[in-house]
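Written below as structure tokens is the structure these notes are about.
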Amino acid sequence: MMNKMFNQFSRRKFLGAAGATTLLSSARGFGAYASSLKNSSSDGVPASSGKGRIVDMHVHFDAKKPNYIEDFLKVSERLNLTALMLTPFENRKVVAEAAKQHPTRIVPFGYVDLDAPDVVQQVEELHSMGFRGLGELEFVKKPYIDPSYFPVYERANEYGWVVLFHTGIVLRAKFNEPEDVASGRMRPIHLEEIARRFPKITVLGAHCGNPEYQWAAEIARWNSNMFFDLSGSSLTKMQRRLSTFRDIFWWTGEGDSVVKTPDNDPNAFVKLVFGSDTSLEGIENVVKQYHALFDACEVPEPTRNRIMGGTLINLLGLPG
Ligand SMILES: [Zn+2]
């Protein structure tokens, strides 16, 4: 199947630095664990965030790597990082089990094919297994707002789930045969309608709509249940002009008090959350890229901490 092929191929081989890490850990025990790791990991290496635990919303479970979970746990410990682990439906059992054993490090998220005939049953099964949300939804045959997808969103709304959507430009996997994949079905503006029709879903958009950053930011501004990550190629593409993100996340201090933000933070950048979407070896570099963005845009410390973990800790009910 096309989606299966994409799952096996897409992120590591084609997206490269655009992998998806989702950290949903169970709340119990998280607080004590997080505070014990607050400033250094067990091997004494200072946590890269410098402040508490990183929550990475965009880590794709890689079934092709036999020691993936153990390798992830090493990175998790070194970087003081919890992952929303984006898991293909067929790998649900191994990740659910790993999340039970390591609830402070792995938060299970389920990838489903929105066009699969039994997608609603898959979603219900994931819920019964303790999954905390869906993602990364992508490679859709129709735009995200097609009514045929609403039964999935209705379930997610009922569960109060976090749902991660790919937004923007998407890889091409096949060059010698037709493929039914198009970025236009995954434009960030579609997420506006989902966030409003299904207000109990927290909508996470991956890649900040690359290259439609402006649409992504503007709809995030007006929807309290919407956030974006900047995983993928954007922070590399923009590395010499990172400060231009201030023109995109422009409304700091403009005071639209009707729209709730985490901790009532008035800084526009609070609509971002950390996501790496890369290989395990590449996560640390994405952390550095986020910090370069923060420096270039003079993002204050409390907002940085929310982006790097605080917002998702609160959303997922993880004692911080
Ligand atoms: Zn993506």
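All of the numbers you see were taken from the coordinates with simple rules; none came from a lab. Just so you know, these numbers come straight off a predicted model, no measurement behind them. All Cβ positions, even for glycine, are placed from backbone atoms using ideal geometry, and neighbour counts span all protein chains on display.
Overview of results
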| item | result |
| --- | --- |
| Listed pairs Lys65/Lys200; Lys74/Lys271; Lys65/Lys174; Lys141/Lys288 exceeding 32 Å between Cα atoms | Lys65/Lys200; Lys141/Lys288 |
| Full-extension gain in nm, Val259 to Glu97, via 0.36 nm per residue minus C-alpha separation | 54.5 nm |
| Computed FRET value (nearest 0.05) for Arg240 with Glu158, which takes r as the C-beta separation and R₀ as 45 Å | 0.50 |
| Span from the region 125-142 Cα centroid across to the region 278-292 one, whole angstrom | 25 |
| Glu177-Arg197 FRET efficiency (beta carbon distance; Förster radius 45 Å; 0.05 resolution) | 0.80 |
